[in-house]
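Undergrad: This is the structure, below, for whatever I ask next.
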Amino acid sequence: MKEPFFVLVRPQMGENIGAAARAMLNFGLASMRLVDPRDGWPNQRAVAMASGAAGRVLDNAVVHPTTAEAVADCTHVYATTARSRDLTKRVLTPEAAMAEAADRIAKGEKVAVLFGPERAGLENDDIALANTIVSVPVNPEFASLNLGQCVLLTAYEWRRHTVEAEPARMEFAGTEPASAVEVQKLGDHYEERLDEVGFFFPETKAAGMKRTLRNMWSRLDLTRADVQLLHGMLRQILRRRDAVERDDGQP
């Protein structure tokens, strides 16, 4: 098993089970266990909410009568809760917990994450079975998370620690970055035309104005399509100006 088991303890609404399944599959998880779901199993409302592909998470979900049985084969159990319920436990953020879980699983351990029922969360007897508490650093004045939200957040942190993702990227829609020489020629074009109409005035400030304009072009991270568009805009403006001047010069 290369991923943690997400164990929904006594979930009350089928819609929330379906939402949890969607959240899990969003981040590459498919191992769901259910403990005594209130409305029985299978649940058509869960299937409807899972919406398509995430239905396979529900198809493979294993139902257990008790939390103890659901985690019996696991070597480390995390319990998601907003409070420790007067039990002495190590408490981690979801980020730290999933980083640790990934390390444990890589070493061959079986890991489970408990999520409590919607009304009041995990009970003391459930938390007592866990090795570690996972606590989301939420607003203390409104600490309650929906079951699906909690699963989504935890699953996201799991994927962050197991799948390398670019922190930032640029999507090029049918184009590519403009080369330095293309940007330079664009600058030449604008500088030449602006010079013709006396834009760089007074002369004592002309050099600085030109430098500022060049710096602007280089700062924009232009694509080749952008450069072509800006050339075309300027040409069209000049054509229109020349046409107006010709019309004005007619007798």
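The values are calculated or read from the model by the stated rules, or taken from the named source; none is laboratory data. Just so it is clear, the model here is predicted, and its values are computed rather than measured. A quick note on method: Cβ atoms are made from the backbone with ideal geometry, for glycine too, and the neighbour counts reach across all protein chains shown.
Undergrad: Scan region 202-241 for residues that are farther than 30 Å from Thr175 by Cα and surrounded by fewer than 10 Cβ atoms within 10 Å (Cβ to Cβ) and jot them down.
TA: Once the filter is applied, which keeps residues that are farther than 30 Å from Thr175 by Cα and surrounded by fewer than 10 Cβ atoms within 10 Å (Cβ to Cβ), region 202-241 yields Pro202, Glu203, Thr204.
Undergrad: A further question on this structure: Tally time: how many residues in region 108-118 are over 9 Å from Pro11 (Cα atoms) and assigned to a loop (DSSP other than H, G, I, E, B)?
TA: Adding up the residues that qualify gives 3.
Undergrad: When Gly198 is evaluated against the numbered criteria (1) over 23 Å from Leu238 (Cα atoms); (2) modelled with pLDDT under 95, which criterion, by number, is the only one it fails?
TA: Just one mismatch for Gly198, condition (1).
Undergrad: Among the candidates Met49, Met13, which residue alone is closer than 27 Å to Pro140 by Cβ and among the aliphatic types (A, V, I, L, M)?
TA: Only one candidate qualifies: Met13.
Undergrad: Would you please list the contacts, defined by Cβ atoms under 9 Å and residues six or more apart or on different chains, that run from a residue in region 128-143 that is assigned by TED's automatic domain parsing to the domain that holds Glu109 and under 22 Å from Pro4 (Cα atoms) to a residue that is surrounded by fewer than 15 Cβ atoms within 10 Å (Cβ to Cβ) and among the basic types (Lys, Arg)?
TA: Partner pairs satisfying both residue conditions: Asn131/Arg90; Thr132/Arg90; Ile133/Arg83; Ile133/Arg90; Ser135/Arg83.
Undergrad: Kindly evaluate Ala96 against the criterion of being in contact with a His (Cβ under 8 Å, 6 or more places away or on another chain), assigned to a helix (DSSP H, G or I) and within 23 Å of Phe27 (Cα to Cα).
TA: No.
Undergrad: Residues Thr154, Thr162: which one is at pLDDT 95 or above, of a type in the set (S, T, N, Q) and within 30 Å of Leu92 (Cα to Cα)?
TA: Every option except Thr154 fails the conditions.
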